[in-house]
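Notes to accompany the following structure.
The values are calculated or read from the model by the stated rules, or taken from the named source; none is laboratory data. Computed from a predicted structure; not experimentally measured. Using ideal geometry, Cβ is built from the backbone for each residue, glycine included, and neighbour counts are taken over all protein chains shown.
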Amino acid sequence: MSDRRPHLDRLAIVLVVGCCVLWGLNQVAVKAVLGEVPPLVQAAVRSLAGAVLVIAWARARGIPLWRSDGTLPGGLAAGLLFGAEFACVFFGLQYTTASRMIVFIYFAPFVVALGMPFITRAERLSAAQFGGLVVAFAGVAFAFAEGFTQPAVGPLQWLGDTLGVVAAVLWAATTLVIRATPLAGAAPEKTLVYQLAVSGVMLLGASLALGDRWTLSLSALAWLSLGYQTLIVVFVSYLVWFWLVRHYPATRLSAFTLLTPVFGLLMGVVLLGEAVTVRLLVALAGVVAGIALVNRQPRMRPTSEVVE
């Protein structure tokens with residue numbers, strides 16, 4: 001019997017919103033120590049250390065990770081996509097602004113919505129639900145549009161913007177690979193180990209190739225930031241996220257991730273003293289309305305179609 005649910009229940013909503021809060025705060029944690037720990041170093045450390053934590057967790061709970069179950073090709077693909085996404089984001093930030101980058105990254109739910117019907121008919125969006133995605137994304141884009149008014153960062157800004165779009169496609173492709181391969185039935189811990197281990201090696205190689213400075217002589221704030229990114233974000237929230245993807249519709253979950261940049265702005269207000277703007281309030285309203293539309297349950301039809 002399948003344990004997948006066709007709609008998001010209260011537990012799923014609480015968990016996915018909690019993940020969005022953690023991911024929004026993560027942006028503040030990363031930004032706070034960028035001058036001390038380069039971005040690729042942060043990404044590599046949290047992926048590799050996170051992989052170790054997940055492996056230890058799985059062994060303690062008796063969850064088999066190394067058993068041959070046909071997940072290796074999908075796991076390697078998901079890990080490569082995950083690592084490539086982060087590489088595109090961090091490399092692209094050299095040529096474009098962070099506000100522009102995050103707008104392009106959150107194009108991912110559209111790619112998931114377009115690709116998921118090719119995997120399962122049960123997740124095909126209605127016109128109203130697709131309209132909800134548009135409304136939610138428009139709210140996020142409006143909040144970050146203030147970054148568009150800044151002076152051009154250089155002649156290669158188009159490259160950074162393009163890499164942001166590529167990162168969004170890679171993020172969405174990771175979700176689709178998980179659902180389309182035997183990873184869909186694998187333990188979340190195993191899926192996460194694949195992504196963290198493979199991406200960690202990729203990001204480590206990229207950091208070394210770029211000549212990033214690695215040192216253990218860090219401030220307390222830097223260690224706190226790395227600890228938060230590794231333990232709370234990578235270990236706890238990612239396990240929860242992959243459990244959600246395994247049990248609930250990926251398209252509707254992806255719509256909720258549009259809350260992440262909005263929470264990031266709120267955390268900036270609280271922790272960095274940034275001003276609350278009308279754009280932020282409009283974005284919050286747009287995201288809430290969009291999510292309500294995407295998660296609106298369709299009317300029941302007299303059909304014998306089996307839902308996954």
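Among the listed residues Ala49, Ala29, Ala43, which satisfies the condition of being surrounded by 13 or more Cβ atoms within 10 Å (Cβ to Cβ), under 22 Å from Thr175 (Cα atoms) and among the small types (Gly, Ala, Ser)? Please lay out each step first, then the result.
Numbers: Ala49 fails: under 22 Å from Thr175 (Cα atoms); Ala29 fails: under 22 Å from Thr175 (Cα atoms).
That would be Ala43, the only listed residue that is surrounded by 13 or more Cβ atoms within 10 Å (Cβ to Cβ), under 22 Å from Thr175 (Cα atoms) and among the small types (Gly, Ala, Ser).
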For the stretch 248-279, name all the residues that are among the aliphatic types (A, V, I, L, M), within 30 Å of Ile178 (Cα to Cα) and modelled with pLDDT of 75 or more.
-> Leu253, Leu259, Val262
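Pick from Val294, Val234: which is at pLDDT below 80 and in contact with a helix residue (DSSP H, G or I) (Cβ under 8 Å, 6 or more places away or on another chain)? Give the derivation first.
Numbers: Val234 fails: at pLDDT below 80.
Going through Val294, Val234 in turn, the sole match is Val294.
Pull up the stretch 66-86, narrow it to residues that are in contact (Cβ under 8 Å) with a residue 40 or more places away in the chain and part of a loop (DSSP other than H, G, I, E, B), then point me to the one that is surrounded by the fewest Cβ atoms within 10 Å (Cβ to Cβ). Outline the logic, then answer.
So the first thing to find is which residues in the stretch 66-86 are in contact (Cβ under 8 Å) with a residue 40 or more places away in the chain, and the list is 69-71, 73-86.
Those left that are additionally part of a loop (DSSP other than H, G, I, E, B): 69-71.
Values: Asp69: 14, Gly70: 12, Thr71: 21.
Once the filter is applied, the top-ranked residue is Gly70.
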Return yes or no: is Thr215 free of Cβ contacts under 8 Å to residues at least 60 places away in the same chain and either surrounded by 22 or more Cβ atoms within 10 Å (Cβ to Cβ) or of a type in the set (Val, Ile, Thr) (or both)?
-> yes
Of Val103, Val89, which residue is within 26 Å of Gln42 (Cα to Cα), of a type in the set (Val, Ile, Thr), in a helix (DSSP H, G or I) and at pLDDT below 75?
-> Val103
Mind checking whether some residue in the stretch 54-65 is surrounded by fewer than 19 Cβ atoms within 10 Å (Cβ to Cβ) and either in contact with a strand residue (DSSP E or B) (Cβ under 8 Å, 6 or more places away or on another chain) or closer than 15 Å to Ile232 by Cα (or both)?
-> yes
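Any chance the stretch 58-75 includes a residue that's touching a Phe, Trp or Tyr at 6+ places or on another chain (Cβ under 7 Å) and of a type in the set (A, V, I, L, M, F, W, C)? So that I can check it myself, show each step before the final result.
Just the residues of the stretch 58-75 that are touching a Phe, Trp or Tyr at 6+ places or on another chain (Cβ under 7 Å), to begin with: 75.
From what's left, of a type in the set (A, V, I, L, M, F, W, C): none.
Checked the stretch 58-75: no residue is touching a Phe, Trp or Tyr at 6+ places or on another chain (Cβ under 7 Å) and of a type in the set (A, V, I, L, M, F, W, C).
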Can you name the residue in the stretch 152-178 that is touching a Lys or Arg at 6+ places or on another chain (Cβ under 9 Å) and buried (at least 22 other Cβ atoms within 10 Å of the Cβ) and, of all such residues, is farthest from His247 (Cα to Cα)?
-> Gly160
Looking at this structure, is Met116 part of a helix (DSSP H, G or I), aliphatic (A, V, I, L, M), closer than 19 Å to His247 by Cβ and modelled with pLDDT under 80?
-> yes
